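The values are calculated or read from the model by the stated rules, or taken from the named source; none is laboratory data. Given the structure is predicted, the values throughout are model-derived calculations rather than measurements. Using ideal geometry, Cβ is built from the backbone for each residue, glycine included, and neighbour counts are taken over all protein chains shown. Accessible surface is based on the protein model in full, side chains and every heavy atom, while ligands, DNA and RNA are left aside. Shrake-Rupley method; radii C 1.70, N 1.55, O 1.52, S 1.80 Å.
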Amino acid sequence: MGDLVNRVSRIAGAVLGTAALTVALAACGGDSLEEGKKNGSGGTGDTDASGGGKGSLVVGAAAFTEAKVLAELYAQALRDAGYSVSITTVKNRELYEPSLEKGEIDVVPEYAATIAEFLNAKANGPKAPEEKPVASGDAAATVDALRKLAEPRGLKVLAVGEAVDQNAFAVTKEFAEKNKLKTLSDLGASKLKVKIAAGDECAVRPFCAPGLKKAYGIDVTGIDPKGVGTPQAKQAVKDGIDQLVLTTTTDATVDSYGLVFLEDDKKLQNADNVLPVVNAKDAGSPEIAAALDKITKVLTTADLAELNRKVDAERAKPEDVAKTYLETKGLLNK
């Protein structure tokens, strides 16, 4: 249950709006997301450093399911490429990003928009993400902005892929079919009144209720403060108490509640696509990039959701689900 709480609490921050970044930076979170999920929460620890003779690498991971899975995918691919690799768990981005700059950590799985705004705040002050944001719903533009902020810090941003973990909104399948809804634009055009099951911050965050009203013309009548992506929130929509639930794109339990995502067709949400960020001096080689790019090119949002589900629901170990995935996709040579 702890991982679910972490997944939920990270979205309650400024992934719903960069206004919370100032507060988050002052706290221990260190970026535009609250404790958990993309911030990570938890202690430190190292895992197996087995591998080959090309040199040793440290992969950093935040202490939530998805970060652990991504770190295992990266570590196993790098070991397969001949490197000796260990994984270390670091509490939050405010701790692991400086370690990445110093070379104490060599590789970190990251989220494009979140790390871009984190570095934006670090370079230009805590109000920069709110007043002069660099992230948007355009993944390519967000990554370009990220590279400009990362390179002066000795960081190399590798290729970005399709897999994305960002805010997502879902309705029941029946509600979608009855009203012919596939996108958030469809919902706006329908003129239906909707109550959103989410965190209470949704009422003021620009990526939640205000954004839905402004970008899509959705008639939001209120917020049911049951949390972001919690079982209670999804159950409330399933039961018809609410019509829309805020969760994340890698939430693998949506279907089990009879819910379906509505496409964010106007790209209201920032592009939090998954990508590796490495220390340019210690891990900037083409060989390392090639090993990680193989994963980035194949991994989809649905894949990531399923890997999360296996760990959270089936209690599988991150290293085991990562190995099986890499083998299934033909990404391991040994």
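General observations
- Residue in region 243-256 that is least open to solvent (accessible area, probe 1.4 Å), counting only those that are part of a loop (DSSP other than H, G, I, E, B) and of a type in the set (A, V, I, L, M): Val254
- Every condition in (1) out of contact with any strand residue (DSSP E or B) (no Cβ under 9 Å at 6 or more places or on another chain); (2) in a helix (DSSP H, G or I) is met by Ser136 except one, and the failing one is (2).
- Contact map, region 294-309: residues that are more than 17 Å from Gln76 (Cα to Cα) and part of a helix (DSSP H, G or I) paired with residues that are of a type in the set (Ser, Thr, Tyr) and open to solvent by 10 Å² or more (accessible area, probe 1.4 Å), Cβ distance under 6 Å, separation 6+ or inter-chain. Pairs shown: Thr301/Thr249.
- Within region 1-104, helices (runs of 4 or more DSSP H) holding 1 or more residues that are modelled with pLDDT of 50 or more: 65-80, 93-102
- Within region 158-172, considering residues that are within 10 Å of Asn273 (Cβ to Cβ) and β-branched (Val, Ile, Thr), the one surrounded by the fewest Cβ atoms within 10 Å (Cβ to Cβ): Val160
- Within region 195-210, the set of residues being of a type in the set (Gly, Ala, Ser) and at pLDDT 95 or above comprises Ala197, Ala198, Ala209.
- Across region 180-194, the number of residues qualifying as open to solvent by 60 Å² or more (accessible area, probe 1.4 Å) and either within 15 Å of Leu259 (Cβ to Cβ) or at pLDDT below 95 (or both) comes to 1.
- Number of residues in region 191-207 that are part of a strand (DSSP E or B) and within 21 Å of the chain's Cα centre (by Cα): the value is 2.
- Single condition Val274 does not satisfy, out of (1) part of a helix (DSSP H, G or I); (2) within 15 Å of the chain's Cα centre (by Cα): (1)
- Taken residue by residue, region 310-318 has at least one member that is among the hydrophobic types (A, V, I, L, M, F, W, C) and part of a loop (DSSP other than H, G, I, E, B).
- Matching residues in region 267-294 - criterion: being in contact with a Gly (Cβ under 8 Å, 6 or more places away or on another chain) and either within 21 Å of Ser185 (Cα to Cα) or open to solvent by less than 40 Å² (accessible area, probe 1.4 Å) (or both): Lys267, Leu268, Gln269, Asn270, Ala271, Asn273, Val274, Leu275, Val278, Asn279
- Odd one out for Gly240, checked against (1) part of a strand (DSSP E or B); (2) small (Gly, Ala, Ser); (3) open to solvent by 40 Å² or more (accessible area, probe 1.4 Å): (1)
- Looking across region 165-181, just one residue is under 17 Å from Ala198 (Cβ atoms) and assigned to a helix (DSSP H, G or I), and that is Phe175.
- Residue pairs whose Cβ atoms lie under 6 Å apart, separated by 6 or more positions or on different chains, with the first residue in region 54-74 and over 9 Å from Thr89 (Cα atoms) and the second in a helix (DSSP H, G or I) and open to solvent by 10 Å² or more (accessible area, probe 1.4 Å), are Phe64/Asp3; Phe64/Asn6; Thr65/Asp3; Thr65/Val311; Thr65/Asp312; Val69/Pro318; Glu72/Pro318; Glu72/Glu319.
- Condition met for Lys329 (at pLDDT 95 or above, closer than 28 Å to Glu104 by Cβ and open to solvent by 70 Å² or more (accessible area, probe 1.4 Å)): no
- Residue match in region 277-295 (condition: small (Gly, Ala, Ser) and more than 30 Å from Gly55 (Cα to Cα)): no
- Qualifying residues in region 208-227 (those that are in contact (Cβ under 8 Å) with a residue 40 or more places away in the chain and open to solvent by less than 10 Å² (accessible area, probe 1.4 Å)) - the one nearest to the chain's Cα centre (by Cα): Cys208
- Taking residues in region 168-196 that are free of Cβ contacts under 8 Å to residues at least 60 places away in the same chain and hydrophobic (A, V, I, L, M, F, W, C), and partners anywhere that are in a strand (DSSP E or B) and open to solvent by 50 Å² or more (accessible area, probe 1.4 Å), the pairs with Cβ atoms closer than 8 Å and at least 6 places apart or on different chains are Leu192/Asp219; Val194/Asp219; Val194/Thr221.
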